[in-house]
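> Dropping the structure in here first, questions after.
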């Protein structure tokens with residue numbers, strides 16, 4: 001009987017090299033004769049570039065200088081919208097806007113050359129917040145500063161959402177805010193580029209090689225076969241290496257083209273934090289109506305996100321935000337509006353959960369407030385109102401399978417002893433001598449797996465599996481391993497589908513020259529979407545070999561494979577076909593938004609110091625329905641890692657701005673939780689298989705980011721006697737303001 005590799009926590013393929021310190025990240029790769037590259041950036045948030053002035057006293061010998069005039073193709077970073085230049089030509093839209101590129105063999109002289117360039121910029125008034133951009137005091141994007149709009153309406157029946165809410169027994173409104181968050185991957189952005197008779201080559205730290213490929217074709221006016229993008233071992237991405245590598249790759253390649261030599265551009269941590277994309281700040285306004293028994297009737301939501309100076313991936317971030325703004329709950333009526341505005345800050349982009357954590361924060365805090373109004377335990381009430389099999393979402397999608405939210409809630413409650421602790425902390429005497437208080441809180445959430453709506457159909461993601469000598473199968477995919485274990489998991493899926501030993505599967509390092517475009521490594525789609533066609537392709541190739549075995553009579557798999565290869569190449573190219581029952585309408589924003597959803601319940605227990613108002617997370621329970629755990633240990637690692645990022649977003653992290661500049665662009669003052677700050681985690685993997693995923697698997701990468709912040713906030717609210725928290729981060733200053741605000745309201749007659 002064949003061994004099943006799926007469901008086993010097999011050793012990671014990339015583990016030994018990383019543990020031994022011999023894995024070659026981009027900065028470890030030595031290219032003889034390579035120059036060092038650097039960027040000269042604006043230091044004003046908005047202005048007109050009048051001149052680039054070189055210091056005549058500086059010796060420019062051996063310094064390669066590139067401006068927008070040296071771009072052979074279009075001065076555009078190709079992505080969703082053609083608004084971001086590779087190098088500024090006339091207009092400055094944010095501090096850190098790249099204007100000039102320099103390269104030199106001596107890194108010390110290179111830094112001196114950077115200081116020897118002066119940008120003559122006429123400053124203009126800058127818009128540095130959502131509120132300022134909405135006020136339209138100055139126009140920085142098109143004609144109204146709006147980068148993207150969406151409107152989603154559900155079951156209104158010809159009535160206005162305001163009338164539906166007004167007719168309800170319980171009406172509640174609130175505004176909820178979230179802030180920037182830096183991805184802070186372990187390895188900063190880095191690229192090595194060279195140009196030769198074969199075309200443009202880049203090697204670097206990245207998530208999406210075909211994004212970079214598209215950008216280089218546009219900027220260099222090259223055909224696809226003359227652009228070669230290869231992934232190096234990548235030390236984390238979290239979305240931050242989705243679109244930005246197109247910028248640094250194009251910069252390095254422009255320097256390589258002009259100098260005639262390879263160029264390596266490796267950002268310092270400071271430059272990486274300053275110049276690259278971050279999580280979108282957002283302001284979410286909610287107004288809801290429900291009956292006295294807590295039945296959810298109507299939701300009105302308006303989510304405004306700060307896109308920064310250029311669009312980058314803002315439309316997909318905003319889209320996912322509004323599609324998750326209703327939470328994991330069944331609303332009879334809904335009107336959800338999404339707006340992204342431009343500001344004079346560096347562009348914001350993808351970050352784990354992209355858009356959903358912002359709106360889930362808002363709806364979860366709002367649901368906690370509603371439960372308080374209804375005098376109900378918030379988690380029990382949320383459980384009653386959660387979507388289930390047969391429920392219809394606000395886009396009109398009927399859930400027919402793989403909805404494990406109820407089991408997630410049950411298991412998280414049991415593991416954490418939620419009910420008893422909640423009651424005990426609520427009734428604990430609040431003696432003046434006690435200097436700490438405890439609380440426990442929960443969040444319920446879901447996350448769409450894969451691209452939204454018709455996205456997968458447009459992507460047409462493909463993989464190829466080739467037969468090799470000795471019966472080995474080579475998996476060729478554009479999906480990258482950025483630390484989450486793709487290489488190992490694809491081998492498990494392929495070995496299982498082909499009924500072969502794990503060591504019979506080889507993973508081709510992603511290079512646009514050698515692998516098909518599988519779509520980007522984002523959106524919790526790698527295992528569910530790409531993994532499913534990896535399995536199909538592997539099974540197809542193995543079936544051909546076994547058919548040959550039957551004809552050969554007694555031949556082994558390896559012998560039959562070699563006999564087939566003697567007649568010519570053997571392989572299978574498979575394209576993904578999304579299992580969507582109801583087509584998506586991009587105009588009306590109606591239909592099946594995702595093939596399926598992953599579900600979760602997070603419970604946090606905290607202790608708050610009443611003198612300093614510092615919060616310590618004592619325990620964290622995460623029950624998450626991921627369909628099927630292909631590799632349980634790595635799945636648990638994804639849940640714990642994503643949860644720790646959510647804890648950081650809630651309690652530790654803040655990008656400090658002044659006049660469009662970041663004041664804390666170092667790991668010494670941009671504070672993230674360390675291993676010592678991590679609470680004891682209990683991760684509970686719930687498996688409600690999805691028929692469209694490999695062996696029932698769904699996405700897991702994005703989901704853990706969604707519930708941590710609202711669960712912690714709910715626990716703090718109980719610890720502090722029922723304060724209401726609406727804004728992140730939950731710093732001591734914010735808690736003090738909430739405590740004082742509650743005291744003032746209670747003192748008012």
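The values are calculated or read from the model by the stated rules, or taken from the named source; none is laboratory data. Note that the structure is predicted; figures quoted are calculated from it, not measured. Please note: Cβ atoms are built from the backbone with ideal geometry, for glycine as well, and neighbour counts cover all protein chains shown.
> Residue check, residue 108 against (1) closer than 25 Å to residue 269 by Cβ; (2) in contact (Cβ under 8 Å) with a residue 24 or more places away in the chain; (3) outside any loop (DSSP other than H, G, I, E, B), all met but one. Which one?
Only one criterion is unmet by residue 108, namely (2).
> Is it fair to say residue 405 is crowded, with 24+ Cβ neighbours inside 10 Å, within 30 Å of residue 686 (Cα to Cα) and outside the structural domain of residue 210 (by TED's automatic domain parsing)?
For residue 405, the condition - crowded, with 24+ Cβ neighbours inside 10 Å, within 30 Å of residue 686 (Cα to Cα) and outside the structural domain of residue 210 (by TED's automatic domain parsing) - is met.
> Let me ask something additional. Can you spot a residue in the stretch 249-265 that is under 22 Å from residue 32 (Cα atoms), without any contact (Cβ under 8 Å) to a residue 60 or more places away in the chain, in contact with a helix residue (DSSP H, G or I) (Cβ under 9 Å, 6 or more places away or on another chain) and surrounded by 22 or more Cβ atoms within 10 Å (Cβ to Cβ)?
yes
Rundown of residues vs (1) outside any loop (DSSP other than H, G, I, E, B); (2) in contact with a helix residue (DSSP H, G or I) (Cβ under 9 Å, 6 or more places away or on another chain), yes/no style:
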{"site": "141", "(1), (2)": "no, yes"}
{"site": "144", "(1), (2)": "no, no"}
{"site": "148", "(1), (2)": "yes, yes"}
{"site": "171", "(1), (2)": "yes, yes"}
{"site": "182", "(1), (2)": "no, yes"}
{"site": "187", "(1), (2)": "no, yes"}
{"site": "194", "(1), (2)": "yes, yes"}
{"site": "202", "(1), (2)": "yes, yes"}
{"site": "206", "(1), (2)": "no, yes"}
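> I would also like to ask the following. Looking at (1) within 17 Å of the chain's Cα centre (by Cα); (2) assigned to a loop (DSSP other than H, G, I, E, B); (3) surrounded by 24 or more Cβ atoms within 10 Å (Cβ to Cβ), which is the one condition that is false for residue 344?
So residue 344 meets the others, but not (1).
> Another question about this same structure. Only one residue in 438, 422 is part of a helix (DSSP H, G or I) and touching a residue at least 60 places away in the same chain (Cβ under 8 Å). Which one?
Values: 438 fails: part of a helix (DSSP H, G or I).
Testing whether each residue is part of a helix (DSSP H, G or I) and touching a residue at least 60 places away in the same chain (Cβ under 8 Å) leaves just 422.
> A further question follows. Looking for whichever is farther than 28 Å from residue 239 by Cβ and crowded, with 24+ Cβ neighbours inside 10 Å here; the options are 440, 489. Which one fits?
Result of the check over 440, 489: 440.
> Here's a follow-up. Could you list, in sequence order, all residues of the stretch 723-736 that are surrounded by 15 or more Cβ atoms within 10 Å (Cβ to Cβ) and either over 18 Å from residue 370 (Cα atoms) or not assigned by TED's automatic domain parsing to the domain that holds residue 369 (or both)?
728, 729, 730, 731, 732, 734, 735
> Here are 709, 665: which of them is in contact with a helix residue (DSSP H, G or I) (Cβ under 7 Å, 6 or more places away or on another chain), over 26 Å from residue 627 (Cα atoms) and in the same structural domain as residue 634 (by TED's automatic domain parsing)? Before the answer, list the steps.
On the way: 709 fails: over 26 Å from residue 627 (Cα atoms).
Just a single option satisfies the conditions, and that option is 665.
Listed here are the residues, each with its yes/no results for (1) modelled with pLDDT of 95 or more; (2) buried (at least 24 other Cβ atoms within 10 Å of the Cβ); (3) within 30 Å of residue 188 (Cβ to Cβ).
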site	(1), (2), (3)
655	yes, no, yes
661	yes, no, yes
678	yes, no, yes
695	yes, no, no
708	yes, yes, yes
711	yes, yes, no
715	yes, yes, no
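> Residues of the stretch 208-228 being under 18 Å from residue 509 (Cβ atoms) and assigned to a helix (DSSP H, G or I), which ones? First the steps, then the outcome.
Filtering the stretch 208-228 for residues under 18 Å from residue 509 (Cβ atoms) gives 208-213, 227-228.
Hits for the stretch 208-228 are 209, 210, 211, 212, 213.
> Output the number of residues of the stretch 588-616 satisfying the condition of being assigned to a strand (DSSP E or B), surrounded by fewer than 19 Cβ atoms within 10 Å (Cβ to Cβ) and touching a helix residue (DSSP H, G or I) at 6+ places or on another chain (Cβ under 8 Å). Give the derivation first.
Restricting attention to the stretch 588-616, the residues satisfying the condition of being assigned to a strand (DSSP E or B) are 590, 596-609, 615-616.
Checking which are surrounded by fewer than 19 Cβ atoms within 10 Å (Cβ to Cβ) leaves us with 607, 609, 616.
Narrowing the set further to residues that are touching a helix residue (DSSP H, G or I) at 6+ places or on another chain (Cβ under 8 Å) leaves 607.
Total satisfying the criteria: 1.
A quick yes/no check of all residues on (1) without any contact (Cβ under 8 Å) to a residue 12 or more places away in the chain; (2) crowded, with 20+ Cβ neighbours inside 10 Å; (3) within 30 Å of residue 634 (Cβ to Cβ); (4) not assigned by TED's automatic domain parsing to the domain that holds residue 257:
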residue	(1), (2), (3), (4)
7	no, no, yes, yes
40	no, yes, no, no
48	no, no, no, no
56	yes, no, no, no
63	no, yes, no, no
71	no, yes, no, no
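> Find the residue count for the stretch 683-692, including only residues that are outside any loop (DSSP other than H, G, I, E, B) and over 10 Å from residue 640 (Cβ atoms).
3
> Sticking with this structure for a sec: Tell me which residues, restricted to the stretch 372-396, are touching a residue at least 40 places away in the same chain (Cβ under 8 Å) and more than 30 Å from residue 583 (Cβ to Cβ).
Passing the criteria: 372, 373, 374, 376, 377, 378, 379, 381, 382, 383, 384.
> Out of 703, 720, report the one residue that is surrounded by 24 or more Cβ atoms within 10 Å (Cβ to Cβ), in contact with a strand residue (DSSP E or B) (Cβ under 9 Å, 6 or more places away or on another chain) and either in contact (Cβ under 8 Å) with a residue 24 or more places away in the chain or outside the structural domain of residue 483 (by TED's automatic domain parsing) (or both).
Values: 720 fails: surrounded by 24 or more Cβ atoms within 10 Å (Cβ to Cβ).
After applying the criteria, what remains is 703.
> What is the one condition in (1) touching a helix residue (DSSP H, G or I) at 6+ places or on another chain (Cβ under 9 Å); (2) surrounded by 24 or more Cβ atoms within 10 Å (Cβ to Cβ) that residue 283 does not satisfy?
(2)
> In the stretch 537-570, what residues are surrounded by fewer than 16 Cβ atoms within 10 Å (Cβ to Cβ), in contact with a helix residue (DSSP H, G or I) (Cβ under 9 Å, 6 or more places away or on another chain) and outside any helix (DSSP H, G or I)?
556
> Does residue 167 qualify as being closer than 30 Å to residue 591 by Cβ, over 26 Å from the mean Cα position of the chain (by Cα) and either exposed (fewer than 13 other Cβ atoms within 10 Å of the Cβ) or at pLDDT below 95 (or both)?
Yes.
> Moving on. Consider residue 224 against the criteria (1) assigned by TED's automatic domain parsing to the domain that holds residue 105; (2) surrounded by fewer than 19 Cβ atoms within 10 Å (Cβ to Cβ); (3) more than 28 Å from residue 487 (Cβ to Cβ): it satisfies all of them except one. Which criterion is unmet?
(3)
> Please determine, by comparing only the residues of the stretch 14-38 that are assigned to a loop (DSSP other than H, G, I, E, B) and in contact with a strand residue (DSSP E or B) (Cβ under 7 Å, 6 or more places away or on another chain), which one is surrounded by the fewest Cβ atoms within 10 Å (Cβ to Cβ).
Checked the stretch 14-38; the qualifying residue surrounded by the fewest Cβ atoms within 10 Å (Cβ to Cβ) is 24.
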